[in-house]
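One structure is given here, and the rest of the page talks about it.
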Amino acid sequence: MESKGKYYTWIGALVVLILLGVGAWIYQLSNGLIVTGMRNVVSWGLYITSFMFFVGLSAGGLIVSSSATVFNIPSFKAVAKPAVILSTVCIILAGLFIIIDLGSPQRVLNLILYSQFKSPLMWDVIVITLYLLVSLLYLYYMVRPNPDQKKIGVLSRIALPIAILVHSVTAWIFGLQVSRDSWHSALMAPLFVASALDSGLALLLIALWAVDRFAKFKVDKKLFTSLAGLLAVFVAVDAFFILSEFLTSLYPGEGSVSSAFSLMTSGPLAPYFWGEVVLGFIIPFVILVFAKNREKKGLVLFSSALVIIGVFFKRVWLLLSGFMIPSVAGTPGVTLGQFSESVDSTVIPNIWATQGTYSPTFIEGAIFIGVISLGVLLFTILSCRFLNSDVSRVR
């Protein structure tokens, strides 16, 4: 009875946060995106940052679960089900952030009525929709009382390349923009996939600890340790790609590129960049590279949390670095969208900017927390429904 009480208290708290988020979203729908911190200069903010972040978290989880079947890794098969649940929930949250960022949900129809298939944005819509369908089918066949292993095998072979592609296409939205020096890079897709692997696996480790602690699904300690070792490898690969990107971009000393990257290393985005390096790379790797530390769940969970924070920081500096210097030559720059009437009663813009600034508002924060709470609620319900009854527990 006590455990049921705690469960319903937890569910109730999540529902309250979700309702607060819904209220904030209704307020945004009523008053427009002006209630956010986004403006003409910085037109993407917390919502698109979160979209990138959750696409990566989802892709990382699905790569782990599908690899269990594709490469016949028996130990991974034991955690394939929670991994699929986690990846499905994360891609749902990613889609929600896109809808919220549009300002009006009905604008989704424009993607169908006026599709531009030459646009990477449209590629992303197609791939994410396909990814969501595959994830839902994969989850459906995984949680059935008598799983159809043949269909699961087919879906896993489809899911693995789609999981890699979905984050690659998201990366190409940024990497193919020639005018944005900090985005335009052939390494953008590998960077996104690498960060998806380490952040997705880090979140999976935290989720496995949670279902082991609160659900009737036991995870073998040896498997947990092995996944922690794999996380150390993924962190090292992610750090290598970042180093390669910066070295290649900065070594020639080209002016515009150097200016863009100086925003990250010593400018206003420096706390996020160095936060990623220290929290997302150095500390987790130093901890997890030692086998004795990987046997301590507390250290593994701490490292996993730092990796997730570090990757979120990466999404922040990556997104904002492209907007800090507007792609408009000369003066006066880009209008901030504020207007006044001149002497002859002609409405003209009166405030211009040559650099972008952004910080999320309370409304954005409330919506963000509401969406996250919805994700936690979905994972909690699905885990209790489909993992508590799992008869193939790992000992």
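Going by what's in this entry, would residue 103 be described as in a loop (DSSP other than H, G, I, E, B) and in contact with a Leu (Cβ under 9 Å, 6 or more places away or on another chain)?
On the way: in a loop (DSSP other than H, G, I, E, B): yes; in contact with a Leu (Cβ under 9 Å, 6 or more places away or on another chain): yes.
For residue 103, the condition - in a loop (DSSP other than H, G, I, E, B) and in contact with a Leu (Cβ under 9 Å, 6 or more places away or on another chain) - is met.
If residue 155 meets every condition in (1) modelled with pLDDT under 85; (2) in contact with a Phe, Trp or Tyr (Cβ under 8 Å, 6 or more places away or on another chain); (3) not in a loop (DSSP other than H, G, I, E, B) apart from one, which number is that one?
Against the list (1) modelled with pLDDT under 85; (2) in contact with a Phe, Trp or Tyr (Cβ under 8 Å, 6 or more places away or on another chain); (3) not in a loop (DSSP other than H, G, I, E, B), residue 155 comes up short only on (1).
Checking residue 287 against (1) within 26 Å of residue 58 (Cα to Cα); (2) hydrophobic (A, V, I, L, M, F, W, C); (3) under 23 Å from the mean Cα position of the chain (by Cα); (4) surrounded by 15 or more Cβ atoms within 10 Å (Cβ to Cβ), which test does it fail?
(3)
Could you tell me whether any residue of segment 121-141 is among the polar types (S, T, N, Q) and assigned to a loop (DSSP other than H, G, I, E, B)? If you could, list the steps in order and put the result at the bottom.
Here is the first cut: in segment 121-141, the residues among the polar types (S, T, N, Q) are 129, 135.
Cutting the leftovers down to assigned to a loop (DSSP other than H, G, I, E, B) gives us none.
No, there is no match, as no residue in segment 121-141 is among the polar types (S, T, N, Q) and assigned to a loop (DSSP other than H, G, I, E, B).
For segment 79-101, does any single residue satisfy the condition of being open to solvent by 50 Å² or more (accessible area, probe 1.4 Å), touching a helix residue (DSSP H, G or I) at 6+ places or on another chain (Cβ under 7 Å) and of a type outside the set (A, V, I, L, M)?
No, because not a single residue in segment 79-101 is open to solvent by 50 Å² or more (accessible area, probe 1.4 Å), touching a helix residue (DSSP H, G or I) at 6+ places or on another chain (Cβ under 7 Å) and of a type outside the set (A, V, I, L, M).
Does segment 226-247 hold any residues that are touching a residue at least 60 places away in the same chain (Cβ under 8 Å) and open to solvent by 50 Å² or more (accessible area, probe 1.4 Å), and which are they?
Passing the criteria: only 226.
Just the residues that are open to solvent by 60 Å² or more (accessible area, probe 1.4 Å) and over 24 Å from the mean Cα position of the chain (by Cα), please, taken from segment 30-39. Reasoning before the result, please.
Keep residues of segment 30-39 that are open to solvent by 60 Å² or more (accessible area, probe 1.4 Å), which gives 30-31, 34, 39.
Across segment 30-39, the qualifying residues are 30, 31, 34.
Within segment 126-147, can you find the residues that are open to solvent by less than 50 Å² (accessible area, probe 1.4 Å) and not polar (S, T, N, Q)?
If the condition is that a residue be open to solvent by less than 50 Å² (accessible area, probe 1.4 Å) and not polar (S, T, N, Q), then 127, 128, 131, 134, 138, 139, 141, 142, 143 are the ones that fit.
Only one of these is closer than 29 Å to residue 367 by Cβ and not polar (S, T, N, Q): 155, 136. Name it. Full working, then the answer.
Values: 155 fails: closer than 29 Å to residue 367 by Cβ.
Matching residue, one of 155, 136: 136.
Just to be sure before I move on: is residue 20 at pLDDT 95 or above, more than 27 Å from residue 125 (Cα to Cα), in a helix (DSSP H, G or I) and open to solvent by less than 50 Å² (accessible area, probe 1.4 Å) in the structure I sent? Working first, answer last.
Numbers: at pLDDT 95 or above: yes; more than 27 Å from residue 125 (Cα to Cα): yes; in a helix (DSSP H, G or I): yes; open to solvent by less than 50 Å² (accessible area, probe 1.4 Å): no.
Spelling it out, it is not the case that residue 20 is at pLDDT 95 or above, more than 27 Å from residue 125 (Cα to Cα), in a helix (DSSP H, G or I) and open to solvent by less than 50 Å² (accessible area, probe 1.4 Å).
If you go through segment 41-55 one residue at a time, do you hit one that is loosely packed, with under 15 Cβ neighbours inside 10 Å, out of contact with any strand residue (DSSP E or B) (no Cβ under 6 Å at 6 or more places or on another chain) and on the phi < 0 side of the Ramachandran plot? Even if it seems obvious, please write down each step before you answer.
Within segment 41-55, the subset loosely packed, with under 15 Cβ neighbours inside 10 Å is 43.
This time we only want the ones that are out of contact with any strand residue (DSSP E or B) (no Cβ under 6 Å at 6 or more places or on another chain), so: 43.
Narrowing the set further to residues that are on the phi < 0 side of the Ramachandran plot leaves 43.
Checked against the condition, which is being loosely packed, with under 15 Cβ neighbours inside 10 Å, out of contact with any strand residue (DSSP E or B) (no Cβ under 6 Å at 6 or more places or on another chain) and on the phi < 0 side of the Ramachandran plot, segment 41-55 yields at least one hit.
Quick one: in segment 361-387, which of the residues that are modelled with pLDDT under 95 and open to solvent by 50 Å² or more (accessible area, probe 1.4 Å) is farthest from residue 34 (Cα to Cα)?
385
Quick one: what pairs do we get from segment 127-148, first residue under 16 Å from residue 160 (Cβ atoms) and in contact (Cβ under 8 Å) with a residue 40 or more places away in the chain, second open to solvent by less than 70 Å² (accessible area, probe 1.4 Å) and polar (S, T, N, Q), C-beta under 7 Å, 6+ apart or different chains?
That search, which allows pairs on different chains as well, returns 135/87; 135/88; 139/88.
Residue by residue through segment 156-190, note down the ones that are farther than 16 Å from residue 91 by Cα, open to solvent by less than 60 Å² (accessible area, probe 1.4 Å) and without any contact (Cβ under 8 Å) to a residue 24 or more places away in the chain.
Hits for segment 156-190 are 175, 188, 189.
What pairs can you find where one residue is in segment 60-75 and within 14 Å of residue 154 (Cα to Cα) and assigned to a helix (DSSP H, G or I), the other is among the charged types (D, E, K, R) and at pLDDT 80 or above, and their Cβ atoms are less than 6 Å apart, with a gap of 6+ or different chains?
Within 6 Å, the pairs are 68/77; 70/157.
Please find, among 84, 108, the residue that is at pLDDT below 90 and of a type outside the set (Lys, Arg).
Answer to the selection: 108.
Which pairs do you get when a residue that is under 17 Å from residue 334 (Cα atoms), found in segment 23-47, comes within reach of a residue that is among the acidic types (Asp, Glu), reach meaning Cβ atoms under 9 angstrom, with the pair 6+ apart or on two chains?
Every condition considered, the pairs that remain are 37/364; 38/101; 38/364; 44/101.
The values are calculated or read from the model by the stated rules, or taken from the named source; none is laboratory data. Since the model is a prediction, treat every value here as computed from it, not as a measurement. In this analysis, Cβ positions are derived from the backbone assuming ideal geometry, glycine residues included, and neighbour counts consider all displayed protein chains. Please note that ligands, DNA and RNA were not included when accessible areas were found on the heavy atoms of the full protein model with its side chains. Shrake-Rupley method; radii C 1.70, N 1.55, O 1.52, S 1.80 Å.
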